[in-house]
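S.K.: So that we are looking at the same thing, I have put the structure below in structure tokens.
The values are calculated or read from the model by the stated rules, or taken from the named source; none is laboratory data. Worth saying up front: this structure is predicted, and the values here are computed from it rather than measured. So basically every Cβ, Gly included, is an ideal-geometry build from the backbone, and we count neighbours across all protein chains shown.
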Amino acid sequence: MKKRLHWKIILTIAIIVGAIILAFPPREKIKLGLDLKGGIHLVLQVMTEDAINIETDQEIVRLQDLIKKRDIALKGATKDRPGQFSLQGLNPDQEGKTRDLLDEYFRDWDYTLIGERATISLKATVVQYIRDQAVNQALETIRNRIDQFGVAEPLIQRHGAERIIVELPGIEDPERVKNLIKTTAILEWKLVKAGPAPDEETLLKDFGGAVPEDSEVIRGDPKRTQGGYFLVSKVATVTGKDLRTVRRSVDEWNNPAVAFTMHSEGGARFEKLTSENIGRQVAILLDGKVQSSPVVHSTIPRTQGGIIQGRFTGEEADDLVVILRAGALPAGIKYLEERTIGPSLGEDSIRQGLAAGLVAIVSVMTFMVFFYRLSGANAVTALILNIIILFGALAYFRATLTLPGIAGVILSIGMAVDANVLIFERIKEEHALGKTIMSSISLGFSRAFSAIFDSNLTTVISAIFLFQFGTGPIKGYAVTLIIGLMANLFTAVFVSHLIFDLVVKKAAKRLSI
Amino acid sequence: MKYKYVALAITGIIVLSGILNVTAGKGLKLGVDFGGGTLVRIMFKEPVSIRDMRNLLNDIGLGNSVIQETGKNMREYQIRTMQVVKAGGQQEELEAHEILANRVIEALRGDEGKAGLEKGLKDLNNIDEKSLSSLLELSFPDKGQEFAQKIISYRVENGIISDFSELERTGLGQEVLTTLKEKTFLGKLTVISRETVGPQVGADLRRKATQATIWALLGMLVYIAFRFKLAYGVSAIFTLTQDVLISLSIYSFSNREINLPIIAGVLTIVGFSINDTIVIFDRIRENLKIMRKESFENVLNVSINQCLGRTLITSGTVFLTLLALFIFGGDVINDFAFIMLIGTIEGVYSTVYLSCPVVLFWQKLFKPKRMIRK
């Protein structure tokens, strides 16, 4: 008898000490959810359609080049939709050549070729791949940007096929972060043909009112330049991909600006652009809007680099540096959900949760002792150990404690005594039937066990469903509930029994229950 | 068991009235999580009445927003914009709701904020720690961060700073206070939290919530049918469905909204209410072996009565803890506590008065032979 008790005691103490070490001090060891810590929670959708679109555009250009090189007749190529384009005006006699070309260079595409027309569409598997890549790349880019922004413990995760969850604790300015993430950040330098002009008509005055073949009309960003319309060449001479370094700097009036240098190939193109266009303007575009359009005063050697200026505030310049360093997003971003919790709400919630918890524990304890007397004290001890083990488990599994999670802890306190009540009532019953104290206790525990197990299990099943479908705070709730119930199974059955074994004497005639 | 018909009648009435309320009457108020929309919580520097707020909101056409006081001294409120946004795509709808939230905040802020900002002063009630410490560094080198931390801690603890003199409690000297008075002003309000859920996510969550509930109920059916007999499983799912319907019906009569935690509450009720039922079923199984001479109905009756004490006590303790949560837990978790309280009481009712009659009817209907016991 003594030996059996010994290992039980050791096991129990080991678990409790382990739990205390893991969970103490709670402020440091337990991970707090956003609703208790304060911060921003964003759900983004990656517009993967953009990526398919870009791919389609690029492939159309590539096909047209190859067709020209092989002397295949072609009247035109038009995009039907992202992932599909058609060719018109093919020569049926050249069908063989066309097929050969497509088979060799366009393996990612399916095609149907009938007479003068062909329809070319991206293979389903390739579409899937591009979509997938777009999301992964967006994930990386966003991660880079946030890394540089400097947030402690950010959470950036892919969620499903096309969504990304971003959680940033401690951030108080949601607008700035959202802009930081959302900017696609396609930086381009394009030669200015005309502008700025107050409207399109004035702009196209010298061109007979029509937009020339190799140019396009772009708007100025009203925050940077004075707004207005520009006529720029379609093709960008230099893009963000050519940048070597980017850093915060100032312009000639000491206003915030962004300084950059380029890689050799891009630098060479830039040098050529400036040397051929002295006196003309070069527009710097970010996401298709003109940020500034400086005049080229002299050839800029490939090693020198330049600055991007234009009514930036310090913060805006900093953010632009972050964005350019982390790279452009492969596709657009849409915000689906945004929650900002201030730190004071988080503090309040913790405080109130703890207060409620305390009241709950005290009331339950009072009740148990009142109703079951000394055995009640047994249950109370088990309950306290239950809570300690619960927090230890939370710390061990690095589970996040949320406000619903605190509610879950309080709930499991109420449910914890359930098991004890079952056992005690059973003990009473057996004793009333005339059994001895010791056997009443044994029978009480063993007979009640199946009911305890069942009831805990069903609540756990519910909690598992909740975990599956729930989001952050609800997942936290499900986790604390499940851990609480499992800890409860241990303390109510194992520990309570142990306490009885230790306390009740063999020949006892009465039981304080 | 004597009251089985009465019980079923009462259940029917509650569920029916609940359904009527949802479809024809006020309806189930879907919260931000499900309906899409915005919830903004604000704390004011000085007490403001709901009437004043509504006037300010009326001026910008958002007078029908739901305004609720969440604190005790007329300074803390939560505002739910109810504007139906007719927008092009889903993205516009999310941004439109955000814009509404911004407009609400601006309207309530009023001119005071604008004047301060124009003078180049910073809003001490809304500035973040980094910026504040940079600001203070200029006048107090090397101490900027320390001072900023103290001020921000104070602000976090109290929610908002109503007067500069309050900062004396943080132990900062008069010099610091003078500098603050020169360079900052005390904004009229702080935004404690804001939540905007786009329609896409709202629809997703609605779908998931319904699915989760149905699957959980089915899960229970399977489990109980497995542990006991099919009749009991059917009774269980019937009882649990009643639990869900009755709880939601009663909840719909209150003025509260349905958010994710409420669904969590409903599912917890499902998992918990079945406990008592299992205990009784367990007892019935035992008694059937022992009380061979009694009629089935009698066995059910006896089992219920034997378990009644235990059912009341355990539900009682859970009720106690939930009551503590309801009274002391703060307003964020209050709705959850409320539906759990309803659910607990309702769970006892359904266990005692509903579960056994259903088993009885099922047996009578499908297995009449077993009813005759030797």
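S.K.: May I ask you to list the residues in the range A:89-113 that are assigned to a helix (DSSP H, G or I) and not hydroxyl-bearing (Ser, Thr, Tyr)? Show your work before the answer.
M.R.: In the first step, residues of the range A:89-113 are kept if they are assigned to a helix (DSSP H, G or I); the result is A:92-105.
Passing the criteria: A:Pro92, A:Asp93, A:Gln94, A:Glu95, A:Gly96, A:Lys97, A:Arg99, A:Asp100, A:Leu101, A:Leu102, A:Asp103, A:Glu104.
S.K.: For B:Lys181, all conditions in the list (1) part of a loop (DSSP other than H, G, I, E, B); (2) away from every other protein chain (no Cβ under 14 Å) hold save one; what is the number of the exception?
M.R.: B:Lys181 satisfies every listed condition except (1).
S.K.: Is there any pair linking a residue in the range A:262-290 that is in the same structural domain as A:Val235 (by TED's automatic domain parsing) and surrounded by 14 or more Cβ atoms within 10 Å (Cβ to Cβ) to one that is part of a helix (DSSP H, G or I) and among the aromatic types (Phe, Trp, Tyr), with Cβ under 7 Å and at least six apart or on different chains, and which?
M.R.: Hits for this filter: A:Met262/A:Phe270.
S.K.: Let me ask something else. Do any residues in the range A:466-488 that are away from chain B (no Cβ under 11 Å) have Cβ atoms under 6 Å from those of residues that are part of a helix (DSSP H, G or I) and of a type in the set (Lys, Arg), where the two are at least six apart or on different chains, and which pairs are they?
M.R.: none
S.K.: Moving on. Looking only at the range B:158-196, count every residue that is crowded, with 17+ Cβ neighbours inside 10 Å, more than 30 Å from B:Glu98 (Cβ to Cβ) and β-branched (Val, Ile, Thr) and tell me the total.
M.R.: 2
S.K.: Can you tell me which condition B:Arg206 does not meet? The list is (1) facing another protein chain (nearest Cβ under 9 Å); (2) within 23 Å of B:Val332 (Cβ to Cβ); (3) in a helix (DSSP H, G or I), and all the others hold.
M.R.: It is condition (1) that B:Arg206 fails.
S.K.: For the condition at pLDDT below 70 and either assigned to a strand (DSSP E or B) or within 14 Å of chain A (Cβ to nearest Cβ) (or both), what is the one hit in B:Leu39, B:Leu94, B:Leu100?
M.R.: Values: B:Leu39 fails: at pLDDT below 70; B:Leu100 fails: at pLDDT below 70.
When all the criteria are applied, what remains is B:Leu94.
S.K.: Continuing with this model, one more query. Just the residues that are of a type in the set (A, V, I, L, M) and under 29 Å from the mean Cα position of the chain (by Cα), please, taken from the range B:223-252. Spell out the reasoning first.
M.R.: Taking the range B:223-252 first, the residues of a type in the set (A, V, I, L, M) are B:224-225, B:230-231, B:234, B:236-237, B:240, B:244-246, B:248, B:250.
Answer for the range B:223-252, where residues must be of a type in the set (A, V, I, L, M) and under 29 Å from the mean Cα position of the chain (by Cα): B:Ala236, B:Ile237, B:Leu240, B:Val244, B:Leu245, B:Ile246, B:Leu248, B:Ile250.
S.K.: Let me ask something else about it. Could you tell me how many of the residues in the range A:323-343 are away from chain B (no Cβ under 14 Å) and either in contact with a Phe, Trp or Tyr (Cβ under 9 Å, 6 or more places away or on another chain) or under 17 Å from B:Arg41 (Cβ atoms) (or both)?
M.R.: Of the residues in that region, 1 qualify.
S.K.: Only residues that are surrounded by 22 or more Cβ atoms within 10 Å (Cβ to Cβ), free of Cβ contacts under 8 Å to residues at least 12 places away in the same chain and farther than 17 Å from B:Ser315 by Cα: list them for the range A:452-464, please.
M.R.: A:Ser462
S.K.: Another question, if that's okay. For the range A:181-299, please list each of the strands (runs of 3 or more DSSP E) lying entirely inside it that holds at least 2 residues being charged (D, E, K, R).
M.R.: On the way: elements: A:187-197, A:215-219, A:229-233, A:243-250, A:256-262, A:282-286, A:289-292.
Per the criteria, A:187-197, A:215-219, A:243-250.
S.K.: With respect to B:Ile280, is the statement that it is within 15 Å of the chain's Cα centre (by Cα) and either crowded, with 24+ Cβ neighbours inside 10 Å or at pLDDT 80 or above (or both) true? Please lay out each step first, then the result.
M.R.: Values: within 15 Å of the chain's Cα centre (by Cα): no; either crowded, with 24+ Cβ neighbours inside 10 Å or at pLDDT 80 or above (or both): yes.
Here the answer is no, as B:Ile280 does not meet what is asked.
S.K.: I'd like the full set of residues that are surrounded by 15 or more Cβ atoms within 10 Å (Cβ to Cβ) and hydroxyl-bearing (Ser, Thr, Tyr), limited to the range A:83-110.
M.R.: A:Ser86, A:Thr98
S.K.: I've got another one for you. For B:Leu221, state whether it is under 29 Å from B:Gly110 (Cα atoms) and either crowded, with 19+ Cβ neighbours inside 10 Å or not charged (D, E, K, R) (or both).
M.R.: Working: under 29 Å from B:Gly110 (Cα atoms): no; either crowded, with 19+ Cβ neighbours inside 10 Å or not charged (D, E, K, R) (or both): yes.
For B:Leu221, the condition - under 29 Å from B:Gly110 (Cα atoms) and either crowded, with 19+ Cβ neighbours inside 10 Å or not charged (D, E, K, R) (or both) - is not met.
S.K.: Among the residues that make up the range A:32-51, is at least one of them more than 30 Å from B:Glu98 (Cα to Cα) and part of a helix (DSSP H, G or I)? Break it down stepwise before answering.
M.R.: First pass over the range A:32-51, keeping only residues more than 30 Å from B:Glu98 (Cα to Cα): none.
No, that holds for no residue.
S.K.: Kindly list the number of the only condition in (1) over 26 Å from B:Pro47 (Cβ atoms); (2) surrounded by 14 or more Cβ atoms within 10 Å (Cβ to Cβ) that fails for B:Gly120.
M.R.: (2)
S.K.: How many residues are surrounded by fewer than 22 Cβ atoms within 10 Å (Cβ to Cβ) and more than 9 Å from every other protein chain (Cβ to nearest Cβ) if we restrict to the range A:394-425? If you could, list the steps in order and put the result at the bottom.
M.R.: We begin by selecting, within the range A:394-425, every residue surrounded by fewer than 22 Cβ atoms within 10 Å (Cβ to Cβ); these are A:395-399, A:425.
With more than 9 Å from every other protein chain (Cβ to nearest Cβ) added as a condition, the list becomes A:395-399.
Residues in the range A:394-425 being surrounded by fewer than 22 Cβ atoms within 10 Å (Cβ to Cβ) and more than 9 Å from every other protein chain (Cβ to nearest Cβ): 5 in total.
S.K.: Do you know which of the residues in the range A:368-389 that are within 14 Å of chain B (Cβ to nearest Cβ) and aliphatic (A, V, I, L, M) is surrounded by the most Cβ atoms within 10 Å (Cβ to Cβ)? Spell out the reasoning first.
M.R.: Taking the range A:368-389 and keeping what is within 14 Å of chain B (Cβ to nearest Cβ), we get A:368-372, A:375-376, A:379-380, A:382-383, A:386-387.
Those left that are additionally aliphatic (A, V, I, L, M): A:368-369, A:379-380, A:382-383, A:387.
Details: A:Met368: 24, A:Val369: 16, A:Ala379: 29, A:Val380: 20, A:Ala382: 25, A:Leu383: 24, A:Ile387: 21.
Top of the filtered list is A:Ala379.
S.K.: Does the range A:348-365 hold any residues that are in contact (Cβ under 8 Å) with a residue 12 or more places away in the chain and either of a type in the set (Asp, Glu) or more than 7 Å from chain B (Cβ to nearest Cβ) (or both), and which are they?
M.R.: The initial filter retains those residues of the range A:348-365 that are in contact (Cβ under 8 Å) with a residue 12 or more places away in the chain, namely A:349-350, A:353-354, A:356-357, A:360-361, A:364-365.
Scanning the range A:348-365 gives A:Ile350, A:Leu354, A:Gly357, A:Ile361, A:Met365.
S.K.: While we're here: Can A:Ile60 be described as among the β-branched types (Val, Ile, Thr), within 30 Å of A:Thr183 (Cα to Cα) and surrounded by 15 or more Cβ atoms within 10 Å (Cβ to Cβ)?
M.R.: Details: among the β-branched types (Val, Ile, Thr): yes; within 30 Å of A:Thr183 (Cα to Cα): yes; surrounded by 15 or more Cβ atoms within 10 Å (Cβ to Cβ): yes.
Taking the combined requirement at face value, the residue satisfies it.
S.K.: Applying the selection to the range B:310-352, what residues are at the interface with another protein chain (Cβ under 7 Å from one of its Cβ atoms) and either touching an Asp or Glu at 6+ places or on another chain (Cβ under 9 Å) or among the aromatic types (Phe, Trp, Tyr) (or both)?
M.R.: Residues satisfying the conditions are B:Arg310, B:Ile313, B:Thr314, B:Thr317, B:Val318, B:Phe328, B:Gly330, B:Val332, B:Phe336.
S.K.: Could you please find all residues in the range B:330-356 being within 22 Å of B:Glu257 (Cα to Cα) and either more than 15 Å from the chain's Cα centre (by Cα) or not in a helix (DSSP H, G or I) (or both)?
M.R.: As a first pass, look at the range B:330-356 and keep what is within 22 Å of B:Glu257 (Cα to Cα): B:330-347.
B:Gly330, B:Asp331, B:Val332, B:Ile333, B:Thr344, B:Ile345, B:Glu346, B:Gly347, listed by residue number.
S.K.: So A:Arg351 ticks every box in (1) touching a strand residue (DSSP E or B) at 6+ places or on another chain (Cβ under 8 Å); (2) assigned to a helix (DSSP H, G or I); (3) surrounded by fewer than 22 Cβ atoms within 10 Å (Cβ to Cβ) but one. Which box is left unticked?
M.R.: Failing condition for A:Arg351: (1).
S.K.: I would also like to ask the following. Within the range A:27-43, is even one residue surrounded by fewer than 16 Cβ atoms within 10 Å (Cβ to Cβ) and in contact (Cβ under 8 Å) with a residue 40 or more places away in the chain? Explain how you work it out, then say what you get.
M.R.: Of the range A:27-43, the ones surrounded by fewer than 16 Cβ atoms within 10 Å (Cβ to Cβ) are A:27-28.
Still in the list and also in contact (Cβ under 8 Å) with a residue 40 or more places away in the chain: none.
Within the range A:27-43, not a single residue is surrounded by fewer than 16 Cβ atoms within 10 Å (Cβ to Cβ) and in contact (Cβ under 8 Å) with a residue 40 or more places away in the chain.
S.K.: Name every residue in the range A:307-320 that is crowded, with 19+ Cβ neighbours inside 10 Å and not in a loop (DSSP other than H, G, I, E, B), in order of residue number.
M.R.: Restricting attention to the range A:307-320, the residues satisfying the condition of being crowded, with 19+ Cβ neighbours inside 10 Å are A:308-310, A:312, A:317, A:319-320.
If the condition is that a residue be crowded, with 19+ Cβ neighbours inside 10 Å and not in a loop (DSSP other than H, G, I, E, B), then A:Ile308, A:Ala317, A:Asp319, A:Leu320 are the ones that fit.
S.K.: Okay, next question. Would you mention how many residues in the range A:158-190 are within 12 Å of chain B (Cβ to nearest Cβ) and closer than 23 Å to B:Ile127 by Cα?
M.R.: Narrowing the range A:158-190 to residues within 12 Å of chain B (Cβ to nearest Cβ): A:159-160, A:162-163, A:165, A:170-178, A:182.
Narrowing further to those that are closer than 23 Å to B:Ile127 by Cα: A:170-178.
Looking only at that region, the number is 9.
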